[in-house]
Structure formats: C-alpha cells, structure tokens
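To start, the structure under review is shown below, and the notes come after it.
The values are calculated or read from the model by the stated rules, or taken from the named source; none is laboratory data. It should be emphasised that the depicted structure is a prediction, and the values quoted were computed from it without experimental measurement. Don't worry about glycine lacking a Cβ; one is built from the backbone with ideal geometry, like all the others, and counts go over all protein chains shown.
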Amino acid sequence: MFSITGLDYAYGFQIIFAEADLKVESGWKVGLIGPNGCGKTTFFRLITGQEKTDVGELNFPSGARIGYFDQKVGEMFDCDVVEQSVRCAGRVSDLRGELADLEHDLSDPDKFDKMENIMAKYSELQAEFQILGGYDIESRAREVLSGLGFSDARMDGDIGVLSGGWKMRVALAGILLQQPDILLLDEPTNHLDLESIMWLEGFIRDYRGTVVMTCHDHEFMNKVVTRIVEVDQGKLRIFPGDYDLYLAQRELEDTQRMAAFERQQSHVEREMKLINKTRARASSAAQAQSRLKKLGKLERLSPPRSRRKKLVFRIPEPPRSGNDIFVAESLSKSFGEHIVYLDLDMHMRRQERWAVLGINGAGKSTLLKIMLGELEADEGVCKRGASLSIGYFAQHTTELLHPKETVSRIMTAAFPAEPIGSLRSCLACFGFDKDDLEKPTAVLSGGEKARLVLARMLYHPPNFLVLDEPTNHLDVESKQALLDALEAYQGTIIFVSHDRHFLAALATHVLEIDEAAATTYYGGYTGYVDATGHAGPGA
C-alpha cells in the first residue's frame, strides 16, 4: 500500500529518522509504537504531507486517499452532531457542498449558456460522490455515532453543548466516514468507554483499507493489529503479530543478544589472559601478537540497549481502616425523571478492589460521588466505614492544575512542611526527573499531568482510593507501573476503567450498573465475563 525508503529527518540537532525503511501492504492493521518523542507523530505528519523531507522517498499508490485522526478538534458549532460528523468526512463533505452549488447553478437562468459545462461537471462529481457513499452518508453517520456511544437524542442535539471528549468522538466519526485507503489513528480509544472501544475494534478488524495507529490500550492492540512497527533509534522495524507477540519477540531477541555479548566477553577475557601470559616469552611472542591482531579485528557486540527506563510507582503503606468500607442498602437516586438507581445494595470490605461497569450515563461517577459524600442518595442507607482517609482521582482532576505552576511547586504547595528532598523522591517514583521539576504544567502531556496528580494524592497514601478513569492518557509503561503499584497497595480501591487489561488484573469484585439495577460479581473481571458472556454492559 505504501513504502518508505532511506528516510532521514531531524528537528534541529535531534535525529528522528536515519535511513529508515518501511513497506506496508494493503489491508494490514499496524500498531505504531515507541517511547514519547521517538517520532510517531512525525511519522504521521510525513505521510499526510504536513512535514516534508529532502532525503528519502515516500511512495503511495496513485490516487490513494489518506485519513488522519490526530486528537485535534477544530471549530464545531451551528449544527447538530450528525451534520458535524459529515462535515468532518473530508472529500465526501466537500463533494456534497460542490454538488449543492452546481444544483443552484443549474436552476440559474443567467447561466444558461454554461449549462453544458455545468452538467458535465455535475455528472463527474456525482459519480465520485456515489462511489464514496455520499448518498447514504447521513445513515452511515448515525451508525458510526451510535457505535461511538451517541444516543439518538444526542445525535440530533446541538454540537456546541458537547464536552471536548464528546467532540473528539465526533471528529473520529468523521474520519471513519471518509473510508480512506490509508487510515491513520493517533490514540483513537482516548475518551471512549468500554462499549465504544469494542465497537471500534470490530470496525477496524473489518475495515478493508490499511490502518496504522498508535494506542496505549494493551488489549485493544491485541484484538486489532496484525503487525507492530517499532520506532527505535531512527529506524522502523516490523514485527509480525499482535502486541503480546511483539513483547515476547523483543524479550527473546534481547535475551539472545545478551547471551551472545556475554559469550564474546568471556572469549575476549580468555584470549587476553593467554596473550598476557605468552607475550613475555620470546618463543611465543609472535603467536601472542598474532592472537592480539585477530582479537583487534573482532566485531565487538554491545549489550541490549534499554529502550526506556522502567517506571516503578511506589505507594507507601497506608494507615489501617476499619473492616467495613462502604455499605449501601436499598439506595436510590434520580435526577428529575431520570432514575439512576433503584434499590442498589453493596457491601465493600477492607482491601477489596471493586470495578464499576456501566454504559455512558448509567451512573458510575454518580455512585463514586455518593460514596465520597459529594452527592446525597434520595432513599436508602449509605454508610462509610470508620477511620477512612479517601483519595479521589476524577476525570477532570488534571484540568484543575494551574498552567503556570511548576511540577515542583505543585508538590510543595500541597505539602509545605515536608522536606523538598522527600517530595522530589516521590516525584521521581512517578517518572519525574530533575529536568522535569521546573516545567510548568501547561507544557506537560496528559499522561504527565495524570502522574503528577497521582504523586500528589499518594504522597501520604489514603487507605481508600476512589479512581474515576485513572489510566486515561497514560502510556502503556505508565499504566503497567500504576497497575503494579495498585496490586501491591494495602488499602481498598473502587474504580471506573475502560481498560480490560487493567480491569482483569486489578478487580476482585465487579459492580455492573444496568438500567437502574446493580449486580455484584465476586470473581473479578474474568469471573464477570464468564458469568455474563460479555465484556461490558451494552456490548
């Protein structure tokens, strides 16, 4: 489908690509991976022509259409959601506007002398419009928007009232409606719930074109990709299979490389001992010199290079709580005529880890706020346990960081009496080195902001963590570091997440909220899937 040959690209003195080669076949589903700053976004921008290079060739089939979802939401206003998704659909949307203009010209008597040319142009564009599925674009838009979690009412509502996350879904819908030959997706699962992620999995698996994407969702990558392309030291390397197979191949490769390096080191050490032992004697000096020359010509191997410093989050042991953490009996909650729960029962005990599942609007965040005391239930009993200290990570928490405050000042403002060395040690545990400490939060990525909030929340660890989508914006390594830390955490956790790898590893209980009813499953997320036969409510 496309190829890259001898690509060189640099930002100033930073080399991004150096003699990089890549060939991607038609229909491949490719996961693009590599540490932050390695060149993944540059790769996309080079393919779309937003960046240019004088060295190397990028070859595409003649007339190939490229669609790129890059997390940037442009202006969206003065229309409903369906119309906005069509406006985001690229060439189809352009053709629709051009055909409307030509139809106006066809009815204009002042352009009668140009009618033949107008008709020819109209016929040409109409044929292209039909090929691209323009005549059923609105019905397809509704189908895609429904898959991405939009209700009929929300589809017909004003685009201007939607949050940034929902507008991101509209932009994604527009790219999917384009049906390009090459579909480029930069973190498409951000802002999606579990059901929308599973719908997108099916869409990409069945997609006839070529797909290249970055994604921090471990399970999504395993379900979708057939190849991994790794950006490493300016090169582009292809690995067949899914993300887990890539990790296994990389580990095997590093093991073999380390074994070869160690064998060579042992060989060099033995040879040098022999050379040093024999070079002093006249009878064997020539032989020693010959061995030394031969050793000098040996191509020296290097040990496997660490691709990225492994993050290890550390959560100190929290103070002990009582055995009962939260008890709800016949709890009910409504907002106007909308019933969120009827007769919800749950009993959470110390050191349990509860995952809350439910479709958008089911009441997951509402339940967390009731547990925190931020909302009151309409009816029923709601009891929090004794000796509780609560840490709350909300979806919007990172947005509350002051853009001009630095990483270091965020921590010192929260803990003014604590030694600066201790605070910096905590930040180091969450991936912030000394070069990051004076960065204002405005320049931090979404993942870095999330890590900063977690570091602040866990410096003096509470014994009850309430986490609403804690893995949003975290890359794979940061997610795994957080997961490892939470598995070792000695307190109690209730959390909302759409990441199935995270759910399966962490949850001991699952509370499913569905149509105002709540059901508890005691076998963790795996037990929930086995019991229900589906991976999430509404799937």
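Here are some notes:
- Residue within the stretch 270-284 that is of a type in the set (Lys, Arg), in a helix (DSSP H, G or I) and in contact (Cβ under 8 Å) with a residue 12 or more places away in the chain present: no
- Residue list for the stretch 35-56, filter: under 25 Å from Pro180 (Cα atoms), under 25 Å from the mean Cα position of the chain (by Cα) and either surrounded by 15 or more Cβ atoms within 10 Å (Cβ to Cβ) or aliphatic (A, V, I, L, M) (or both): Gly39, Lys40, Thr41, Thr42, Phe43, Phe44, Arg45, Leu46, Ile47, Glu51
- Selection status of His473, assigned to a loop (DSSP other than H, G, I, E, B), in contact with a Ser or Thr (Cβ under 8 Å, 6 or more places away or on another chain) and surrounded by fewer than 22 Cβ atoms within 10 Å (Cβ to Cβ): yes
- The condition (being among the β-branched types (Val, Ile, Thr), in contact with a Leu (Cβ under 6 Å, 6 or more places away or on another chain), surrounded by fewer than 17 Cβ atoms within 10 Å (Cβ to Cβ) and not assigned by TED's automatic domain parsing to the domain that holds Lys223) is satisfied by just one residue among Thr520, Thr526: Thr520.
- Qualifying positions in the stretch 343-358 - within 24 Å of Leu483 (Cβ to Cβ) and hydrophobic (A, V, I, L, M, F, W, C): Met346, Met348, Trp354, Ala355, Val356, Leu357
- Residue, surrounded by the most Cβ atoms within 10 Å (Cβ to Cβ), within the stretch 440-450, restricted to residues that are assigned to a helix (DSSP H, G or I) and hydrophobic (A, V, I, L, M, F, W, C): Ala450
- Any hit, the stretch 419-427, residues being over 22 Å from Tyr521 (Cβ atoms), in the same structural domain as Leu482 (by TED's automatic domain parsing) and under 23 Å from the mean Cα position of the chain (by Cα): yes
- Residue list for the stretch 494-525, restricted to those being hydroxyl-bearing (Ser, Thr, Tyr) and closer than 25 Å to Ser330 by Cβ: Thr508, Thr519, Thr520, Tyr521, Tyr522
- Scanning the stretch 508-523 for residues that are modelled with pLDDT under 95 and either small (Gly, Ala, Ser) or part of a loop (DSSP other than H, G, I, E, B) (or both) yields a count of 6.
- In the stretch 473-522, residue nearest to the chain's Cα centre (by Cα) [restricted to those that are among the hydroxyl-bearing types (Ser, Thr, Tyr) and within 17 Å of Val356 (Cα to Cα)]: Ser497
- Wholly within the stretch 72-168, helices (runs of 4 or more DSSP H) carrying at least 2 residues that are touching a residue at least 40 places away in the same chain (Cβ under 8 Å): 81-87, 91-106, 137-147, 152-155
- The one condition from (1) farther than 26 Å from Lys310 by Cα; (2) at pLDDT 95 or above that Leu465 does not meet is (1).
- Looking only at the stretch 384-439, residues that are outside any helix (DSSP H, G or I), of a type outside the set (Ser, Thr, Tyr), in contact (Cβ under 8 Å) with a residue 24 or more places away in the chain and within 29 Å of Arg350 (Cβ to Cβ) come to 12 in all.
- Enumeration of residues in the stretch 191-234 that are touching a strand residue (DSSP E or B) at 6+ places or on another chain (Cβ under 8 Å) and assigned to a helix (DSSP H, G or I): Leu194, Ile204, Arg205, Met221, Val224
- Thr397 falls short of the stated requirement of being among the β-branched types (Val, Ile, Thr), surrounded by 12 or more Cβ atoms within 10 Å (Cβ to Cβ) and more than 16 Å from Leu458 (Cα to Cα).
- Sole residue being in contact (Cβ under 8 Å) with a residue 40 or more places away in the chain, of a type in the set (Phe, Trp, Tyr) and more than 21 Å from Arg314 (Cβ to Cβ), chosen from Tyr528, Tyr489: Tyr528
- Taken over the stretch 487-499, the residue count meeting the criterion of being outside any strand (DSSP E or B) and crowded, with 22+ Cβ neighbours inside 10 Å is 4.
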